[in-house]
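Working notes for the structure below.
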Amino acid sequence: MNFDKFFRLISYAAVFCGFLSLWVSGTFGIVGTGLFIAVMILAWNLEGSRWQISDRVGTALIVLALPAFYFGWKFRLIEPFSTAETVVAGVLARMILSLTSIKLLQKKSSRDWIFLYLMSFFEVLLAAGLSISALYLASFLLYLLVMVAAIIAFEIRKTAFEVESKVAGVAGDLPIAGSRKPQSDLKFRKLSLISITLIVFIVALAAPVFFMLPRVGGAGLGSFQNGMSTSTGFSDKVSLGSIGRIQQNDAVVMRVKLDVSPTEAGDLYFRGVALDTFDNKAWSKFKANERVAFEHDERDLIQLDFASGRESLLKQTIYLEPLDTPILFAVPKMIAVHGNFPALYKDGYGAVSFAANNERISYTVASDRSLPSVERLRSDNQGYSTESQNYLQLPPHYDSRIAELAATAVGNARSRYDKAMAIESYLRNSYGYTLEMKSGGDEPLADFLFNIREGHCEYFATAMAVMLRTQGVATRIVNGFHAGEFNATAGLYVVRQRNAHAWVEVYFPKENVWVPFDPTPASSGDEGAATGIIAQAGKYLEALDSIWIQYFVAFDDQEQRSLARTMRTGIADYQSRIGIFWDQAKVMAAEWWTEARGDHGVLASMAAFGYAIAVIFGTIIAIIIGVWSFRRLWNAAIWSRLWSRLVAKENGSIVEFYERMQLILAAKGMVRASHETPLEFALASGIPQAVDLTDKYNRVRFGQKGITPGEADEIELWLSDLENGSKTGEK
């Protein structure tokens, strides 16, 4: 492969890496991806042919494309179904790809290649705000590697053209570009400097852009995120059997990071929706439309309730996948939420919802896990109010054996708490767990209790809630998620759809508290868990994905505003300190002036003037000492030694070409005598290249002059001609 072909290949690879970063963000679907790859293949095959677009036509197309995309964005002709936030990113992505396609199909000069490099760089920056995939990190690293190689190849190609132009001007023979291999076009040190500078520039520019760009998820048409929300089955009405279907799916629903260890956290339940009305086949809400809005307070928190004490609070940071429900999940009960929500809505059953946007979201929750003691719950025999009657209602028609079974399970228990404990224990120990949908008929609950005798959590929760209601105990069922798998590598819980769960809450009116009970056999949580080497490898991959989501995807505009607030607070503190110092200085100056003018007597006035004179002299002496120290340090011998070492080393490497010239001439039988100066030796040789090389040597060695890159290339040509026996001006 000649150098020209390599340059084109690595440049096309750099363009493709820019597109790849956008592709992994889900910005382009199959059609967009296919079109751009087809353009790249076509442009590659048209390189150097007469079918390429001329520079004039390419410029005209680019000029026309800019207003076309502007009007497409203005009138929502592009991505009409996207949100206002994502449409801008989508239009920008498509505009950049269109401009890139035009340049690829065009005859390209050096500035056109630079334009393509810049477009790919903008694609990477734009993808930083769009991507929610860990693959973006891999595409970014690949882009760095390929782009550095492309820039170095571009610099080599540019230098080769310059050298060939100079040679053509001297020898009258212009080589064809790419027909000969460049000889020492750039020194290794220059290439390394270009590489390091480029990497630092890309990272330095990408980092602040990453922190400033909002996380908008996908960019509209063709996005991986559209239509990809996870189904939870949790809504205002839930049929028996729906959770069982969810539990057969292993998709990740959320990741939860706690401020305590797994041992301290204990058994975790992430509460979602609560339902109170049962019609033998499904649960629904009696008060379906009852919601109260909560907004941010001065602490930028959304406070939903009040805590019983700070020691009982549990802090959770939750990274929630796109779901088909607007419910926020958290450990009950939720006290305050910090997140990117204009407002939150809480219904009469304690469920908290938000304005769903079909994207990943992150939020931090403080939950109060405290409950009254068992003794207080046992002594709670207060009657239920009329507002609680819907929690006692039973279906108009249900199997009477359910009430008889409940009475048998309760036995001699008298308090609400003991009845709940008795039925919970009875269901756990007397029935089996399965995800198979076996129960059916007009009354699937009766079929579960008296015929099938095994089912999943929703049947157990329904059975306990209905059985307790037959005994006069107010209940409701809760749908959410239980536990999840703790990933020690990432330090968080990974909650999947198979962790979907239903349990029961029992109301104690005197304490005004809902207490959770779980009648489902504990073994149910172990189903579907993978083990072995594959599972261990999966944990590491999951940890990598979780880290990406925590520190990249979850850095949304809420966190950006938090960062901005922190910066503003720091500046304000600095200004406040300066203000305090200035106020103190003014107070001290006023006190000094009061004493100096004699308000406190002659002695105090003399002392004030003496203090002022001492301060003035002390300041002058400090300035003199500071200037003297700086001059001594500046003129210290260590700097001259360091400079001489660096310069001598650099000059030594620069003038090594003269030693190479002497070796070449020595091989031809010409050796400089000890009494000859370098210039005398060069003139005696009669070789123009030797004279030119010696002139450069004297200028660098004794004139303290540097060598430009162009001169370095010229020196290499002279040495090559000298070694081959040719003379400048020979035909």
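The values are calculated or read from the model by the stated rules, or taken from the named source; none is laboratory data. Predicted model, so just to flag it, every value in this text is computed and none were measured. Cβ coordinates were reconstructed from backbone atoms using ideal geometry, including for glycine residues, and neighbour counts include every protein chain displayed. SASA here: full protein model, heavy atoms, side chains in, ligands and nucleic acids out. Shrake-Rupley method; radii C 1.70, N 1.55, O 1.52, S 1.80 Å.
With respect to (1) out of contact with any helix residue (DSSP H, G or I) (no Cβ under 7 Å at 6 or more places or on another chain); (2) open to solvent by 90 Å² or more (accessible area, probe 1.4 Å), the lone exception for PRO67 is condition (2).
Right, GLU505: touching a Pro at 6+ places or on another chain (Cβ under 8 Å) and outside any loop (DSSP other than H, G, I, E, B) or not? Yes.
One line per residue, one yes/no per condition, for (1) at pLDDT 85 or above; (2) of a type outside the set (Val, Ile, Thr); (3) more than 33 Å from the chain's Cα centre (by Cα):
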site	(1), (2), (3)
LYS5	yes, yes, yes
ARG8	yes, yes, no
LEU20	yes, yes, no
SER25	no, yes, no
LEU35	yes, yes, no
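Remark: ALA502 falls outside the filter, which requires a residue to be closer than 20 Å to PRO396 by Cα and either touching a strand residue (DSSP E or B) at 6+ places or on another chain (Cβ under 7 Å) or buried (at least 24 other Cβ atoms within 10 Å of the Cβ) (or both). Here VAL15, VAL31 are screened, and the one residue that is open to solvent by less than 20 Å² (accessible area, probe 1.4 Å) and of a type in the set (A, V, I, L, M, F, W, C) is VAL15.
Scanning the stretch 298-318 for residues that are charged (D, E, K, R) and part of a loop (DSSP other than H, G, I, E, B), which turns out nearest to the chain's Cα centre (by Cα)? Let's see the steps before the verdict.
So the first thing to find is which residues in the stretch 298-318 are charged (D, E, K, R), and the list is 298-300, 305, 310-311, 315.
Imposing the further condition that a residue be part of a loop (DSSP other than H, G, I, E, B) reduces the set to 298-300, 305.
Numbers: GLU298: 27, ARG299: 25, ASP300: 22, ASP305: 32 Å.
Within the stretch 298-318, the match that is nearest to the chain's Cα centre (by Cα) is ASP300.
Just checking, does the stretch 267-287 include any residue being free of Cβ contacts under 8 Å to residues at least 40 places away in the same chain, under 30 Å from GLN393 (Cα atoms) and open to solvent by 20 Å² or more (accessible area, probe 1.4 Å)? No: zero hits.
Residues in the stretch 335-344 that are open to solvent by 20 Å² or more (accessible area, probe 1.4 Å) and either modelled with pLDDT of 95 or more or part of a strand (DSSP E or B) (or both): HIS338 alone. Those residues that are modelled with pLDDT under 85, among the charged types (D, E, K, R) and part of a loop (DSSP other than H, G, I, E, B), I need them from the stretch 242-297; list them, please. Those that are modelled with pLDDT under 85, among the charged types (D, E, K, R) and part of a loop (DSSP other than H, G, I, E, B): ASP250, LYS287, GLU290.
Exactly one residue out of ALA356, ALA413, ALA420 is surrounded by 13 or more Cβ atoms within 10 Å (Cβ to Cβ), in a helix (DSSP H, G or I) and small (Gly, Ala, Ser): that is ALA420.
In the stretch 466-494, the residues that are among the basic types (Lys, Arg) form Cβ pairs under 7 Å with partners that are open to solvent by 20 Å² or more (accessible area, probe 1.4 Å), at six or more places apart or across chains, as follows: ARG469/LEU392; ARG469/LEU394. Being among the charged types (D, E, K, R), in contact with a Lys or Arg (Cβ under 7 Å, 6 or more places away or on another chain), buried (at least 17 other Cβ atoms within 10 Å of the Cβ) and within 21 Å of TYR269 (Cα to Cα) holds for only one residue in ASP380, ASP347, and it is ASP347. Being open to solvent by less than 10 Å² (accessible area, probe 1.4 Å) and either of a type in the set (A, V, I, L, M, F, W, C) or over 21 Å from LEU141 (Cβ atoms) (or both) is a property that does not hold for VAL88.
Of the residues making up the stretch 40-65, those that are in contact (Cβ under 8 Å) with a residue 12 or more places away in the chain and not in a helix (DSSP H, G or I) are GLU47, GLN52, ILE53, SER54. Residues of the stretch 607-654 that are among the hydroxyl-bearing types (Ser, Thr, Tyr) and either modelled with pLDDT of 80 or more or outside any helix (DSSP H, G or I) (or both): TYR611, THR619, SER629. Within the stretch 596-627, the set of residues being open to solvent by 70 Å² or more (accessible area, probe 1.4 Å) and touching a residue at least 12 places away in the same chain (Cβ under 8 Å) comprises PHE609, TYR611.
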